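K.L.:
Got a structure here, written out as structure tokens. Questions coming.
A short reminder: the numbers here are calculations on the coordinates, not readings from a lab. No experiment lies behind these values; they were computed from the predicted model shown. Cβ: placed from backbone, ideal geometry, glycine included. Neighbour counts: every protein chain shown.
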Amino acid sequence: MKNKKAIDEIIGKYIGRKGSLIPLLQEVQTIEGYLAKDTMRYLSEKTDINIAQIYGVATFYTMFHLKPQGKHIIRVCKGTACHVSDANSILKAVQNNLQLTDGEDTTTDKLFTVMEVACLGCCSLAPVIMINDNTYGKLTPEAIEEIVKKYN
Amino acid sequence: MELTIKVGLASCGLAAGAGEVYSTIEKYLKKSKIKAELKKTACIGMCFVEPLVEISSENGNTVTYGDVSPENIIELIEAYAKGKPINKNVILSNILEGSENEKLNNQTRIVLRNCGIIDAESIEDYLEKDGYKALEKVVSSMSKKDIIEEIKRSGLRGRGGAGFPTGLKWEFAYRSKSDKKYIICNADEGDPGAFMDRSILEGDPHSILEGMAICAFAIGADEGYIYCRAEYPLALKRLNIAIAQAEEKGFLGKNIFNSDFDLNLHIKEGAGAFVCGEETALMGSIEGERGMPRIRPPFPAQSGLWGKPTNINNVETYANIAWIIMNGADEFTKYGTEKSPGTKVFALAGKIKNSGLIEVPMGIPLKDVIYDVGGGMKTEKPFKGVQLGGPSGGCIPAELLDTIVDYDSINKTGAIMGSGGMVVMDQSTCMVDIAKFFLNFTQNESCGKCTFCRVGTKRMLEILTRITEGNGKIEDLEKLEKLASNIIKGSLCGLGQTAPNPVLTTLRYFKDEYIAHIKDKRCPAGVCTSLLRYEVIENKCIGCTLCARKCPVNCISGEPKKVHYIDQDACIKCGACYDVCKFDAINKS
Ligand SMILES: Cc1cc2nc3c(=O)[nH]c(=O)nc-3n(C[C@H](O)[C@H](O)[C@H](O)COP(=O)(O)O)c2cc1C
Ligand code: FES
């Protein structure tokens, strides 16, 4: 835990409020980057929410990460429209470009993490990827290099 | 003469480069003599020609251009200002002939009435379009019973997928006695291939807030949530702005329109789980738990969020409400069919020419949606099927394109209306692969509560994978059907109950493709990589050695300037040789 003070503040904001576990975890993750075991244990001690419940929620939702993430998040859409527009070759191009081998999702320099997501809501521009909050559409595998370069 | 220039800045526009177009215009107007007001709007639905810019003048003349770029926009503005608008890439206009005019004219815009027309971040724009007049009308002059009666008479059915009558749902929540009631807007839009809710959220957020407020007033709720998926950052931002503006103007908060009606709305960001679109799972998620569906009954109208009576509707459902109140149920039922009145917004995507959002009256044939409004196929390749209803739906083949779009007719085909995502497929799509794709999706998204949904979908996926890899047996098809029927019977929520639909419909309409995979070890669409074969076409190969150098597993041999050869046993079917060959000398079959 790098930001104990900030975490305490977030806990203070949510403690005792019903239904606040998800936003609590979301905010903690925003400042910590991910939810480490120690962080979850600490949250449990401070809030009296059972650690099993915290872990259960953190593993249920794809938004929560139990491992450190890259600085930039690349979401490759694998929704229906993108799938039929050959999203697989886009994913391959992204992985090749970042030199990720099978099973890895984060580059060794921790600059990029690649995720597969189901639909970014821009299906008419399929295939689509999103880097942080920016969406790129009508992609070809060749276009990936230029786009990723902007974030290097 | 002062001009108004509007740029479409929804997610689709931004992804196509509308942000740069906007800033180019902004910079230009600072220096130019041309007087123009630069405005932002959202998505008009013509996503295939984004970025879109509308130029209009005080006398009402309007031209909307598509495919605009930072390079050509200045020329378009200058020509317009000189009174000689350029007649190229015109999408809509009342002074020039636009190629797409007709396509918009085939539509009926109730839900999308303001999308792409007003600035979504300006409540003044919404008010100018009679915004919040419906809320004022119900609060000051209608009884709760009258409102519910009006919605019931309109026949509006929930647009979130199941098509349950909205008025009836409101009546149940109204009748439940409790000191506290909630309303929820389901903006989780999980169907991969559907984006109409996003467009409404980004393009006309106040219409949703107004619909929710009318519902809250009618059922007696004073607090509500909008559950919006986190993948829609722009929608979340605009919702936040809209709520703050509505609170400031007194349309939300305490004593709305000087009555004793109070309403507080909150936004809940989804955390990435498809099953949370299911209403009871969604409530679990708002309560801060794992989003697992609960047994119904009790239904949300009796015991919903934190055990209190709750009404939940979809984004598009709420967006209809203010229009119905203002124009009356009779006007609404003029559109659509007897059992499915009104309009439906569809998100057209895939291999269709005019991909984007359209709103058409219920009851028009699928054929017209695809060929008239949607402009037909994108390429020369013929139509094969259209997928409706996402992971819960099915693929409808060409023979059934005369089916009309309403809840009951679509159900008869084995697909479902769902939220309105339509993904059009051509001959390059493999139907077995599509079935596998959806099953992979539902299998990943199953919350794990019901054994049949958790394990059964996994077994089905294994069988489908086996078939796409050329290891299927003909008995597998029967096994798939049996598993499917057990999963439907043995699952608690809609996710499991409908998960087999994509498999069942493709089995029903495209069985020959399954058989080709199993018997001939062949993928007719050339999609399933394991069944592909790459071969050198001898009379085309000049022996340039490029393919041999690019092959990642070194399975291509041959001397320079001589015909090369691919070792089929070592080939991993990556397609690298096919992609790099400059002489089209590799045959993929
Ligand atoms: C697995 C599953 C996912 C669902 N996803 C959504 C969704 O993303 N958006 C939605 O509005 N309804 C979704 N629904 C339907 C909701 O449960 C519910 O019926 C709907 O929100 C009711 O609103 P309506 O009556 O206005 O349609 C889903 C249902 C299931 C079973
Ligand atoms: S399917 Fe990729 S954006 Fe919708």
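K.L.:
Using per-residue counts of other Cβ atoms within 10 Å, averaged over each peptide, order B:344-356, B:244-256 from highest down. Working shown, then result.
P.N.:
Details: B:344-356: 26.2, B:244-256: 16.8.
For the peptides B:344-356, B:244-256, the packing ranking is B:344-356, B:244-256.
K.L.:
Can you give the average number of partner chain beta-carbon atoms within 10 Å of each beta-carbon in peptide B:188-198, as a whole number? Can you show the working numbers first?
P.N.:
Working: counts 0, 2, 2, 4, 13, 11, 6, 8, 1, 1, 5.
Whole-number average of other-chain Cβ neighbours for B:188-198 is 5.
K.L.:
Now for a separate question. Report, as an integer, the average count of C-beta atoms from other chains found within 10 Å of each Cβ along B:348-358. Before the final figure, lay out the partial values.
P.N.:
On the way: counts 3, 12, 9, 4, 2, 0, 1, 5, 3, 1, 0.
For this peptide, the per-residue mean of nearby foreign Cβ atoms is 4.
K.L.:
Under a 10 Å cutoff between Cα atoms, tell me which one of A:Asn88, A:Asn96, A:Asn134 has the largest fluctuation in the Gaussian network model of chain A.
P.N.:
Of the options given, A:Asn134 has the highest mean-square fluctuation.
K.L.:
Using only alpha carbon positions, build the gyration tensor of region B:252-349, then give the equivalent ellipsoid semi-axes as the square roots of 5 times its eigenvalues, largest first, whole angstrom. Spell out each step's value before the answer.
P.N.:
Values: eigenvalues 153, 94, 41 Å².
Its equivalent ellipsoid spans semi-axes of 28, 22, 14 Å.
K.L.:
Please compute the contact order of region B:532-588 in relative form: average sequence separation of alpha-carbon pairs under 8 Å and at least six residues apart, divided by the residue count, as a percent.
P.N.:
Relative contact order, region B:532-588: 47 percent.
K.L.:
Roughly how big is region B:3-105's charge dipole about its Cα centre, with Cβ charges of +1 (Lys, Arg) and -1 (Asp, Glu), in debye to the nearest 20? Don't jump to the answer; show the numbers that get you there.
P.N.:
Values: 12 positive and 13 negative charges, 92 e Å.
About 440 debye.
K.L.:
Counting only other chains, what is the mean number of Cβ atoms within 10 angstrom of the Cβ of each residue in peptide B:270-281?
P.N.:
Values: counts 3, 11, 8, 4, 3, 1, 2, 0, 0, 0, 0, 0.
The shielding value for this peptide is 3.
K.L.:
In terms of Cα to Cα distance under 21 Å, which lysines are near enough to A:Lys18, apart from those fewer than 8 places away along the same chain?
P.N.:
Correct list for A:Lys18: A:Lys46, B:Lys180, B:Lys181, B:Lys268, B:Lys308.
K.L.:
Another question, if that's okay. With Rg and the Kirkwood Rh both taken from Cα atoms, where does Rg over Rh land for region B:3-105? All intermediate terms of the calculation are to be shown ahead of the outcome.
P.N.:
Details: Rg = 12.4 Å, Rh = 13.4 Å.
Rg divided by Rh gives 0.93.
K.L.:
Same structure again: Among A:Lys92/B:Lys449; A:Lys67/A:Lys150; B:Lys378/B:Lys458; B:Lys169/B:Lys339; A:Lys78/B:Lys381; B:Lys378/B:Lys588, which pairs are too far apart, with a Cα-Cα distance over 27 Å? Please report the intermediate quantities before stating the final value.
P.N.:
Values: A:Lys92/B:Lys449 34 Å; A:Lys67/A:Lys150 25 Å; B:Lys378/B:Lys458 35 Å; B:Lys169/B:Lys339 16 Å; A:Lys78/B:Lys381 23 Å; B:Lys378/B:Lys588 23 Å.
A:Lys92/B:Lys449; B:Lys378/B:Lys458, as the Cα separations exceed 27 Å there.
K.L.:
If we sort B:59-70, A:116-127 on the protection proxy, mean other Cβ atoms within 10 Å, highest first, what's the order? Walk me through the numbers on the way to the answer.
P.N.:
Working: B:59-70: 18.0, A:116-127: 26.5.
Order by mean packing, descending: A:116-127, B:59-70.
K.L.:
Compute, for region B:535-588, the length of the dipole vector about the Cα centre, with Cβ point charges of +1 (Lys, Arg) and -1 (Asp, Glu) only. Units Debye, rounded to 20.
P.N.:
200 debye
K.L.:
Sort B:540-547, B:169-176 by packing, meaning the average of other beta carbons within 10 Å per residue, with the highest value first. Walk me through the intermediate numbers first.
P.N.:
Working: B:540-547: 16.6, B:169-176: 20.6.
By packing density, highest mean first, the sequence is B:169-176, B:540-547.
K.L.:
Ok, one more. Where Rh denotes the Kirkwood radius from the mean inverse Cα pair distance, what is Rg over Rh for region B:123-332? If you can, show how the numbers build up before the last one.
P.N.:
Details: Rg = 15.7 Å, Rh = 16.8 Å.
Ratio value, two decimals: 0.93.
K.L.:
Rounding to the nearest 10 and keeping the result within 0 to 90°, find how far the Cα-based axis of helix B:144-154 lies from the longest principal axis of chain B.
P.N.:
40 degrees
K.L.:
To the nearest 10 degrees, how steep is helix A:4-14 against the longest Cα principal axis of chain A, on a 0 to 90 scale?
P.N.:
80 degrees
K.L.:
Ok, one more. How big is region B:314-440 by Rg and Dmax over its Cα atoms, in Å?
P.N.:
15.1, 48
K.L.:
When a/c is below 1.5 the answer is rounded, else prolate if a/b is larger than b/c, else oblate, so apply that to chain A with a ≥ b ≥ c taken from the square roots of the Cα gyration tensor eigenvalues. Mind showing how you got there, number by number?
P.N.:
On the way: a/c = 2.66, a/b = 2.08, b/c = 1.28.
Here chain A falls in the prolate category.
K.L.:
Can you give the charge dipole size of region B:13-170 about its Cα centre, rounded to the nearest 20 debye, using +1 on the beta carbon of Lys and Arg and -1 on the beta carbon of Asp and Glu? The partial results should precede the final answer.
P.N.:
Details: 23 positive and 23 negative charges, 110 e Å.
Approximately 520 debye in magnitude.
K.L.:
For region B:322-390, which GluC sites (Glu not before Pro) are in a loop by DSSP, counting at most 13 other Cβ atoms within 10 Å? Don't jump to the answer; show the numbers that get you there.
P.N.:
Values: sites: B:Glu331, B:Glu338, B:Glu359, B:Glu380; in loops: B:Glu338, B:Glu380.
Those satisfying the criteria are B:Glu338, B:Glu380.
K.L.:
Using the alpha-carbon atoms, what tilt in degrees (0 to 90, nearest 10) does helix A:87-97 show relative to the longest principal axis of chain A?
P.N.:
The angle comes out at about 80 degrees.
K.L.:
Right, another one. Please list 3J(HN,Hα) in residue order for region B:210-225, calculated via the Karplus relation 6.51 cos²θ - 1.76 cosθ + 1.60 where θ = phi - 60°; whole Hz, with x for glycine and proline.
P.N.:
With coefficients 6.51, -1.76 and 1.60, one gets 5, x, 5, 5, 4, 5, 4, 4, 5, 8, x, 9, 10, 8, x, 10 Hz.
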